[in-house]
1. On a 27 Å Cα-Cα criterion, which of the cross-link pairs K72/K363; K178/K436; K228/K363; K34/K70; K5/K192 come out too long?
2. Quick one: Cα convex hull volume of the stretch 142-202, Å³ per residue?
3. Based on the Cβ-Cβ distance from F221 to K95, what FRET efficiency comes out when R0 is 30 Å, to the nearest 0.05?
4. Calculate what fraction, in whole %, of the accessible area of the stretch 150-257 sits on carbon and sulfur atoms when a 1.4 Å probe is rolled over the protein chains.
5. Ratio of the stretch 278-339's C-alpha Rg to 2.2 N^0.38 Å, to two decimals?
6. Compute from the Cα atoms of the stretch 186-250 the Rg and the Dmax, the latter being the longest Cα-Cα distance, and quote both in angstrom.
7. Give me the one-decimal nm value for the distance between modelled label points at T205 and V229, 7 Å along each residue's Cα-to-Cβ direction.
8. How high is the relative contact order of the stretch 245-368, in percent, with contacts defined as C-alpha pairs under 8 Å that are six or more residues apart?
Amino acid sequence: MSHGKILAIDDEQNIRHLIRNEFMLEGFDVTTAKSGEEGLGFVDGQDYDVVLLDLKLPNMNGIETLKLLKRKNPRSEVIMITGYGDIHSAVESIKLGARDYVTKPFRLEELITLVKYAVKDSHGQGKSLMPGDPVGAVDKGKLLVCPSRAMQEVYALVKRIAPTENTILIQGETGSGKDVLAYYIHRNSPRKSGPFLTLDCGLLTPNLVESELYGHKKGSFSGASEAKVGLVEKSHGGTLFLDEIGNIDLDLQKKFLRFLESGRIRRVGETKEIQVDTRVVLATNMPIEEAVAQGRIRSDLFYRMAEISITLPPLRKRPEDILPLARHFLSIRANGTPVKKISPEAAETLISYPWPGNIRELKSAVNKVDILTDSEIITRDHLPPHFAMQKPVPSTSSKTLEDIEKEHIMRVLAETDGNQSQAANVLGINRKTLYKKIKKYKIFS
């Protein structure tokens, strides 16, 4: 019996042969393609658990292939294969939905291990990227472990607006946690016992977005072999989260505005309207006012959907959240076994790294290190090499005494794995004083 279906897209014949032969020996069903176009052709007729995708391909590169692949099959876990000099593009691929990346020359054992875990995840609970899937995982409600002042202010605002019926717009960079915040809004609203469904509008064509939102009548268009209930209707009594709302076309924006104002929808191909009771939370990674000025988003829709707007700061602007999030991801993966600790040097490296892929990149990095590291303590050497090659942390001469004290306390807490009694002994202060400083600097919530 096959352990999973893999598609390897690489223009180097020796790489394709290596992957096919070695993974078939491991019990996988393997298909190979020499270009993005050929690989996408295979995806049209098959569902693959994992796609191994080379970043540098002829004609259509890996990033372009990834975008189209995620539209065709959002459930596929994608691992990018890249040269060391293309780390920036590899991080960009994670923003676009890739699970991870490996750099050439890669160790085959490492790739096999990563693929096995990816297959396991692809067979698990549905992902929120899939049109209409509930976020579902309890972890979504536990990801709010960010002690930074910026995020505490966000949570305070959410607790005030969640009980209302207002449409909410969440703005923030890709990977900053907009989907998690949307679920938090739902869980703190009177609708929490109702459905929470999601749709990433950036993954589908305009026609498919309309069908996913409103449903369709049997035979209303080519491929509509049976009637379908849309996500707006399925979310009745609950919340519908629409990510990348700026990607829907102007005609559909007009229909969507009508729904927001009236609460009524019409399935594609039907004339009868349906009244629904659905709360909508929207998200975008684009500067919304700029998109309105450029005519990409209707101004009347903007004013309606931005009744209340929340902006999520990028991870690089809230370094206090990095270690709590990293430990949280490690605790999830531990699944009842001892949680791996992060050494002070590794902690300092994680805090210094700018995280262009935000929380999504942090989670990917932590998962990868956890899978490939047997040690109970994660050291700097276990982290991807490019993490330590960032620009040095600014000289302390430009920092205040409070900045220096806060960073020192954070390093000691990392070294003692959050044990405040041990940390107080190392710092040479009593535990009560340390507790006051932790509250003052909002190091932990």
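1. Numbers: K72/K363 24 Å; K178/K436 32 Å; K228/K363 35 Å; K34/K70 19 Å; K5/K192 37 Å.
Check vs 27 Å cut-off fails for K178/K436; K228/K363; K5/K192.
2. 98
3. Numbers: r = 32 Å, r/R0 = 1.07.
After rounding to 0.05, the efficiency reads 0.40.
4. Values: 2140 of 4370 Å².
Carbon with sulfur: 49 percent of the solvent-accessible area.
5. Details: Rg = 18.2 Å, N = 62, 2.2 N^0.38 = 10.6 Å.
Cα Rg divided by the expected 2.2 N^0.38 Å: 1.73.
6. Both quantities, over Cα of the stretch 186-250: 13.2, 41 Å.
7. According to this spin-label approximation, the distance is 2.7 nm.
8. Details: 84 pairs, mean separation 27.5, N = 124.
Dividing the mean separation by the residue count of the stretch 245-368 yields 22 percent.
The values are calculated or read from the model by the stated rules, or taken from the named source; none is laboratory data. Keep in mind it's a predicted model, so treat the numbers as computed, not measured. Backbone-built Cβ (ideal geometry, glycine too); neighbour counts: all protein chains shown. The area values use the complete protein model at the heavy-atom level, side chains included, leaving out ligands, DNA and RNA. Shrake-Rupley method; radii C 1.70, N 1.55, O 1.52, S 1.80 Å.
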